[in-house]
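Here the structure comes first, spelled out in C-alpha cells, and everything after it is commentary.
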Amino acid sequence: MTLPPRLRIVHLYPDLMSVYGDRGNILALVRRAQWRGIEVDVTGVTVGDRLDPDEADLIFFGGGQDREQAVVSKDFVGEKGEATIEAVEDGAALLAICGGYQLLGRTYTTFDGQELPGAGLFDIRSVPGPRRHIGNALVETDLDGESRTLVGFENHSGCTYLGDGVRPLGKVLVGAGNNGEDRTEGAVYRGAYGCYLHGSLLPKNPWLADRLLAIALRRRTGASVALPALDDRLEDDAHRAVEQRVRAAGGRVQSGAW
Ligand code: GLN
C-alpha cells in the first residue's frame, strides 16, 4: 500500500513571531492532516536558518511586535523572502498573520517611524495608524464563489493598503481589517493568504485550514486531492458562538494607546 506523502510545513520564526495563539494554526493543520492519515513534518525556520523552497508545501508566518519585526525583516528580506516567493509561485500554500502579513508586503513602517522592508510577495504597504485596533473581528469571504465568514482577533497599529488589483481576503463586517477605512481585510496571492486575524484563526475556521491543506497537498503530489470531510461539529459550534458574540457586540472596535 502506498502511504500518502508527508506534508512539509515551514513555520517561520516560531521564536519571534507567534502571538495571540498563532501557534494554534500549526496544531490545527497538523491534526486535520493526521485525522486523514497524512503525516506532517513541521520545521521551524528562524534567524540564520535556510529555507529550501522545494521543502515547503505550506508556510506559516505569525504576528509579532515591532521590535521583533525589525529583527525578522533584516533576516527575512533577501534569501528567505525570495525562497518564500519561489515556493508560492510553485504552488505552495501560505498563511501569514498580522506582523508576518505586513513583512510579506513591500514595506512596514513601525509605530515610531522606522521603515522596514518586506519581501514583496503581496503588493501591499503598511503604515502606522492613528490608533491601535484591538478586538474581535468578523470577515466575509467568497474565495470559491461561496460566501463564508472568518472569525478572529485583531491587535495592530499598522494600517495596510492594497496595491491596485490586489485581491483582499474578504470584507470586514465587524472590526478594522486592513486599515479601518476601506473595509477590506487581508490579501490573497495564488495560494498565499495574509490577514490580521489572530485567535487562533484555523481551529475555529476549519474550512480555511482545509483549503490550505488542499493547496499544499496538490503541490506535494502534483494532483488535486479531495480531503475527506471531518466531523466539524465542535469547530462549527465554536465558530458560530464567536460569530454571534461578535455580531452582538455590534462592531465595537476598541482603540488604545500603543
Ligand atoms: N507590530 C505590528 C502592528 O502593531 C503587528 C502586530 C501583530 O502582529 N499583532 O501593527
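Excluding residues on the same chain fewer than 8 positions from Lys204, give the aspartates and glutamates whose Cα lies under 16 Å from its Cα.
Asp22, Glu140, Glu154, Asp231, Asp232, Glu235, Asp236, Asp237, Glu243
Restricting to the chain, what percent of DSSP beta bridges are antiparallel, rounded to 5?
On the way: 30 of 50 bridges.
Counting DSSP beta bridges with both partners in the chain, the antiparallel share is about 60 percent.
Tell me, how many Å apart are the Cα centres for the range 139-154 and for the range 171-212?
7
Restricting things to alpha carbons, find the Rg to Rh ratio for the range 112-231 using the Kirkwood radius for Rh. Write down the numbers at each step before the final one.
Values: Rg = 15.3 Å, Rh = 15.4 Å.
Rg/Rh for the range 112-231 comes to 0.99.
What figure in square angstrom, to the nearest 10, would you give for the accessible area of Phe111 with a 1.4 Å probe?
About 80 Å², ignoring ligands and nucleic acids.
How are the Cα pair distances of the range 146-195 distributed, in percent, across 5 Å bins from 0?
With 5 Å bins starting at 0, P(r) equals 5, 20, 33, 27, 13, 2, 0.
How large is the accessible surface per residue of the chain, computed with a 1.4 Å probe and reported in Å² as a whole number? Please list the in-between numbers first.
Numbers: 11380 Å² over 258 residues.
For the chain, the solvent-accessible area averages 44 Å² per residue.
In debye to the nearest 20, how big a dipole does the chain give about its Cα centre with +1 on each Lys and Arg Cβ and -1 on each Asp and Glu Cβ?
Details: 29 positive and 36 negative charges, 127 e Å.
About 620 debye.
Suppose we keep just the DSSP beta bridges with both residues in the range 1-146; what percent of those would be antiparallel, to 5?
Values: 3 of 19 bridges.
Here the antiparallel bridges make up roughly 15 percent for the range 1-146.
Just the number, please: carbon plus sulfur as a percent of the accessible area of the range 1-158, 1.4 Å probe, no ligands or DNA/RNA counted. Mind dumping the intermediate values first?
On the way: 3110 of 6460 Å².
C and S fraction of accessible area: 48 percent.
State, as an integer percentage, the relative contact order of the chain based on alpha-carbon contacts under 8 Å between residues 6 or more apart. Intermediate values should be presented prior to the final figure.
On the way: 588 pairs, mean separation 52.4, N = 258.
Result for the chain is 20 percent.
Would you work out the relative contact order for the range 183-248, in percent, from Cα pairs under 8 angstrom that are 6 or more residues apart? If you can, show how the numbers build up before the last one.
Numbers: 36 pairs, mean separation 16.3, N = 66.
Value for the range 183-248: 25 percent.
Report, as a whole number in µm² per second, the diffusion coefficient that Stokes-Einstein gives for the chain at 37 °C and 0.692 mPa s using the Kirkwood radius over alpha carbon pairs.
On the way: Rh = 18.1 Å.
Approximately 181 µm²/s, per Stokes-Einstein.
In the Gaussian network model of the chain, springs joining C-alpha atoms below 10 Å, which of Gly120, Gly99, Gly186 carries the largest mean-square fluctuation?
Gly120
The values are calculated or read from the model by the stated rules, or taken from the named source; none is laboratory data. Not measured: the values here are computed from a predicted model. Please note: Cβ atoms are built from the backbone with ideal geometry, for glycine as well, and neighbour counts cover all protein chains shown. For the accessible areas, the whole protein counts, side chains as well, though only heavy atoms, and no ligand, DNA or RNA atoms are used. Shrake-Rupley method; radii C 1.70, N 1.55, O 1.52, S 1.80 Å.
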